[in-house]
Amino acid sequence: MALPLVWLADVLRGAGLHVVETPGWRERTSPYAGALPWEPVGVLEHHTATTASYERPAPTVDLCVRGRPDLAGPLCHGVIGYDGVVHLISAGRANHAGQAKASGPCPAGDGNTLYVGFEWDYQGVNQGPSPEQYAAAVRATRAVLDHLGLSAEHARGHKETSVTGKIDPGRVDMTLFRAAVASGEQELDMATTNELFDLVRRYSGGDSAFGYTIPRSPDRVRTFAAAIPPKFGRVTGTDGELFVSLVAGENVEVREVYACEDWQADGKPGRKYGLQGPYTLVANDRQSWPIPAAATQVCVVYRSDCDLSLSVEIDAKWK
Ligand SMILES: [Zn+2]
C-alpha cells in the first residue's frame with residue numbers, strides 16, 4: 001500500500017514550488033514501530049541548525065534521509081532549502097517531532113504520527129531563514145494545510161510542541177508565520193500598503209497596532225527583540241509606514257533602540273539601523289520611531305525596574 005503522504009509532490013508543485021524528489025522518498029519511512037501519519041493534525045516547522053547559503057542551500061538533505069547515529073532516518077518529510085527549493089525526504093513516518101505537547105488546536109501525543117514535518121535548512125541562532133526560504137515555507141505549509149482541510153492555526157513550531165526545550169525554528173515568530181500562511185504569501189509578494197496593514201490588523205486581532213511586553217530587568221542591561229511583519233521592507237519599500245513606540249510606568253534607562261534585518265537580499269548578514277541613542281524614558285511618556293523599510297526586528301537595549309510596553313503601529317496618516 002502506498003505511504004500516506006505520497007501526495008506531497010503534486011500538492012507542493014501545484015502551489016508553484018520548486019520540488020526535488022530525492023530517490024526513494026515515496027517508499028521511505030521510519031523503521032520504528034508505530035502508526036504512520038495517516039491523518040496529520042498539522043504541519044510542524046523546524047530548523048536544521050546547519051548554516052546554509054545560496055551557494056550551499058540544502059546541506060542536510062543526506063542527513064535527513066539517513067538519520068544520525070542516535071536517531072534513524074528519515075528525519076522529516078521535506079527539507080526547505082535556503083534558496084526556497086523543497087526536497088522531499090519521506091512519505092511515511094519521519095522522526096522529526098518526538099513527543100508533542102498540545103499546541104493551538106493540535107493535541108498532545110506522538111508528534112511523528114501527528115505532524116507533517118518540514119526542516120528549514122538554516123542555522124537558527126546566528127542565522128535566520130532567507131526571504132526565499134521563508135516564502136517557500138509559508139507556501140508549502142499553506143498548500144499542505146489546504147490539502148488536509150486545516151486552518152493556518154495548525155501550523156506549529158517545534159519550539160511550541162517540544163517537551164525537551166527545542167528552540168526551532170529559530171528567529172521565526174510563529175504568530176507572524178501563521179498570519180502569513182493565513183493571508184497567502186503570493187499576495188504578500190505584491191502587497192500594497194493597505195494589504196500589509198490588513199496583516200497587522202489580523203495579527204493584532206483587529207486593531208492597527210500590536211504590542212509586546214518587555215520584562216523588567218533591574219540588575220543588568222538586556223536586549224529585547226521584537227519581530228515585525230515578515231518581508232515588510234520587501235513589500236512596500238518605504239520607511240515610516242509602521243512605527244514602534246515605547247512606554248513605561250516609571251522612568252527607564254534606555255541604552256539604545258535599533259532596527260535590524262535578519263538577512264539582506266543577497267544573503268549577507270542583516271544590517272543594523274540606529275533609531276535612538278541613550279536616553280531616559282520618562283514615566284508614561286510615549287516615544288515613537290519610524291521603522292526602516294528593510295527591518296524585520298526592533299531591538300531595545302535597557303535596564304528597568306518595571307515592565308515596558310512596545311507597540312508596533314500603523315503610521316497615523318494611513319489610518
Ligand atoms: Zn525540530
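Just so you know, all these numbers are worked out from the coordinates, no wet-lab data involved. No experiment lies behind these values; they were computed from the predicted model shown. Positions of Cβ are generated from backbone atoms using ideal geometry, with glycine treated the same way; all protein chains shown enter the neighbour counts.
Things to note:
- Of the set (1) within 14 Å of the ligand (Cβ to nearest atom); (2) under 14 Å from Glu21 (Cβ atoms), all apply to Thr50 but (2).
- Members of the range 161-180 found to be out of contact with any Leu (no Cβ under 8 Å at 6 or more places or on another chain), away from the ligand (no atom under 15 Å from the Cβ) and not in a loop (DSSP other than H, G, I, E, B), listed by number: Thr175, Leu176, Arg178
- Given (1) crowded, with 17+ Cβ neighbours inside 10 Å; (2) within 14 Å of the ligand (Cβ to nearest atom), index of the condition Val125 fails: (1)
- Leading residue by the ranking (surrounded by the most Cβ atoms within 10 Å (Cβ to Cβ)) among those in the range 84-117 that are in contact (Cβ under 8 Å) with a residue 12 or more places away in the chain and on the phi > 0 side of the Ramachandran plot: Gly84
- Enumeration of residues in the range 1-47 that are away from the ligand (no atom under 16 Å from the Cβ), closer than 20 Å to Leu114 by Cα and β-branched (Val, Ile, Thr): Val6, Val11, Thr29, Val41
- Scan of the range 1-48 for residues that are of a type outside the set (Asp, Glu) and in a helix (DSSP H, G or I), ordered by number: Leu8, Ala9, Val11, Leu12, Arg13, Gly14, Trp25, Arg26
- Screening Thr113 on (1) β-branched (Val, Ile, Thr); (2) in contact with a Pro (Cβ under 7 Å, 6 or more places away or on another chain); (3) more than 16 Å from the ligand (Cβ to nearest atom) shows it passes everything except condition (3).
- The range 128-160 - residue that is assigned to a helix (DSSP H, G or I) and among the charged types (D, E, K, R) and, of those, farthest from the ligand (Cβ to nearest atom): Asp146
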